[in-house]
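**Q** Got a structure for you, questions after.
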Amino acid sequence: MKSLRELYRIGKGPSSSHTMGPQKAAQLFLARNGHASEFKVTLYGSLAATGKGHMTDVAIEDVLKAVAPVVIDWQPAVFLPYHPNGMKFVAKDAKGETIDEWTVYSIGGGALSEGKLEDDMFNTKEVYGMNTMTEIMNWCYQHGRNYWEYVDQCEGSDIWNYLQEVWNMMKESVHRGLTHEGRLPGPLNLARKASVYYVKARGYKQSLQSRGLVYAYALAVSEENASGGTIVTAPTCGACGVLPAVLYHAALGHGFSDIRILHAIATAGLIGNVVKQNASISGADVGCQGEVGVACAMASGAVCQLFGGSPSQIEYAAEMGLEHHLGMTCDPVCGLVQIPCIERNAFAATRALDANLYAAFSDGSHRVSFDKVVNVMKQTGHDIPSLYKETSAGGLAKELDKR
């Protein structure tokens, strides 16, 4: 598995696979074609189907148009074989002749691939020797350690400085989201809710206040993402509100120190990395179970560790967080990361707290392992028809389009 630096990416929303990935691809293509007279970019499948709502064209044009005019060709009905998020960049000279072309895929979480088993230009160092939760959990018990200590052993001490940056940005995105009011961009005219939920939650008695505040924190980050603000992919932009909400609530409400929060972020990253390695975190590939479902698993494991869970209890909490999102479709209305994405972040954050509580009542033993659920999630995602996987052609997207 790769470094957690490649899972937790700091960047602008609203979509890691539809905004951050294509923008990075445009930067790479421009670096080798700085003297082109024209660019043509063809977007395929999910990238084309929801690209306007996700501002894919804007992200690409912001990079390329500084050098030459850009033509965007939308091909939502064409799915390239490797991944639904395919795109082809073409550079032309002054005579209109093609001087370079490149097909690349945005595979989730801002990561890119050329569709090969070994992508030379993206073949970054493998940091972790173990790729499953079962292997890592057994290592924890054999050595009397916890998941974050495996991260420390594999990544080295430098990882903690980076995770501190991640935590700082998560907190900042919560603060910004609680402060900002007004409508979100796009044709839905959706009003921001985080600040209102925050004010209302503080007026309730303690038992309800806690849940309401978690809603507010998740909404805050998700609304920042939807408006193109800077957030942390955890594991994606569309699911970026879940982990920060749970960790912010734990830090503020229970007084956990930064170092303990960083350890929890490391464990959460390990959980997300296992899914990224063995399945997918792309909504266009496996549906929202790979985004919000994985985010819930990450947050479930993280908060379980914070409250003293054993390695098996942490694995159990993560398993429940993912298992109970199996089959969740990705059906964004108007291709925007707003409905149902924002509410899903809030509900997944509270579900993570429930998964921790349920696991804490157990001794950590259970029949279905996290790794088995990851395999089922991957197969389920590939069985889901494409109209339910970030194409805005089915589900809520289609139903609300009728209004």
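The values are calculated or read from the model by the stated rules, or taken from the named source; none is laboratory data. Everything numeric in this text was worked out from a predicted model, so none of it was measured. FYI the Cβ positions are ideal-geometry reconstructions off the backbone, even for glycines, and counts take in every protein chain you see. Only protein heavy atoms, including side chains, enter the accessible area calculation; ligands, DNA and RNA are left aside. Shrake-Rupley method; radii C 1.70, N 1.55, O 1.52, S 1.80 Å.
**Q** Under a crude label model (7 Å from the Cα following the beta-carbon direction), how far is Leu188 from His366 in nanometres?
**A** Each label point is offset 7 Å from its Cα along the Cβ direction, giving 3.0 nm.
**Q** Roughly to the nearest percent, how much of the accessible area of the stretch 256-403 is carbon and sulfur, given a 1.4 Å probe?
**A** Working: 2780 of 5190 Å².
C and S fraction of accessible area: 54 percent.
**Q** Could you tell me the relative contact order of the stretch 279-347? Use alpha-carbon pairs under 8 Å, at least six residues apart, and round to a whole percent.
**A** Values: 72 pairs, mean separation 22.7, N = 69.
RCO, the stretch 279-347: 33 percent.
**Q** Counting helices only, and only those DSSP H runs with n ≥ 4, report the 222 nm mean residue ellipticity of the chain as the sum of -39,500 (n - 2.57) divided by its residues, in deg cm²/dmol to the nearest 500.
**A** Theoretical 222 nm ellipticity from helices: -16000 deg cm²/dmol.
**Q** Over the chain, what is the relative contact order in percent, taking alpha-carbon pairs closer than 8 angstrom and at least six residues apart?
**A** Relative CO of the chain lands at 19 percent.
**Q** Just to verify a number: FRET efficiency for Glu343 and Asp100, C-beta to C-beta distance, R0 = 41 Å, to 0.05?
**A** Working: r = 43 Å, r/R0 = 1.05.
Taking R0 as 41 Å, the efficiency between Glu343 and Asp100 is 0.40.
**Q** Compute a Gaussian network model of the chain, connecting alpha carbons closer than 10 Å, and tell me which residue from Lys65, Lys389, Lys88 fluctuates the most.
**A** Highest fluctuation among the options: Lys65.
**Q** Figure the gain on full extension for Val78 and Asn278 (residue separation times 0.36 nm, minus the Cα-Cα span) and round it to one decimal in nm.
**A** My answer for the length gained is 69.4 nm.
**Q** Please report the net charge: other residues with Cβ closer than 11 Å to the Cβ of Asp73, K and R +1, D and E -1. Mind dumping the intermediate values first?
**A** Values: positive: Lys40, Lys88; negative: Asp57.
Within the 11 Å Cβ shell, the charges total +1.
**Q** What is the spin-label model distance, in nm, from Glu126 to Ser210 if the labels are put 7 Å beyond Cα along the C-beta direction?
**A** 4.3
**Q** Then there is this: Could you give the accessible area per residue of the chain, probe 1.4 Å, as a whole number in Å²?
**A** Per-residue value: 40 Å².
**Q** On to the next question. So what is the relative contact order of the stretch 1-151, in percent, for Cα pairs below 8 Å that sit 6 or more residues apart?
**A** Relative contact order comes out at 28 percent.
**Q** Longer than 27 Å from Cα to Cα, which of Lys2/Lys52; Lys12/Lys372; Lys12/Lys193 are they? Say none if no pair is.
**A** Correct reply: Lys2/Lys52; Lys12/Lys372.
**Q** Taking H as built 1.01 Å from N, whose amide H comes closer than 5 Å to the amide H of Glu38, not counting residues under 5 places away?
**A** Those lying under 5 Å, H to H, from Glu38 are Lys92.
**Q** Still on this structure, I have one more. Once neighbouring chains are kept in place and the probe is 1.4 Å, which whole percent of the accessible area of the stretch 158-200 is contributed by carbon and sulfur?
**A** Of the solvent-accessible surface of the stretch 158-200, carbon and sulfur hold 54 percent.
**Q** Return, in residue-number order, each cysteine of the chain whose C-beta is not under 4.7 Å from any other cysteine's C-beta.
**A** Flagged as lacking a Cys partner: Cys140, Cys154, Cys237, Cys240, Cys296, Cys304, Cys334, Cys341.
**Q** Something else now. List the longest stretch of the chain that has no exposed loop site; here a site is one of the GluC sites (Glu not before Pro) assigned by DSSP to anything other than H, G, I, E or B, with at most 15 other Cβ within 10 Å.
**A** 182-403
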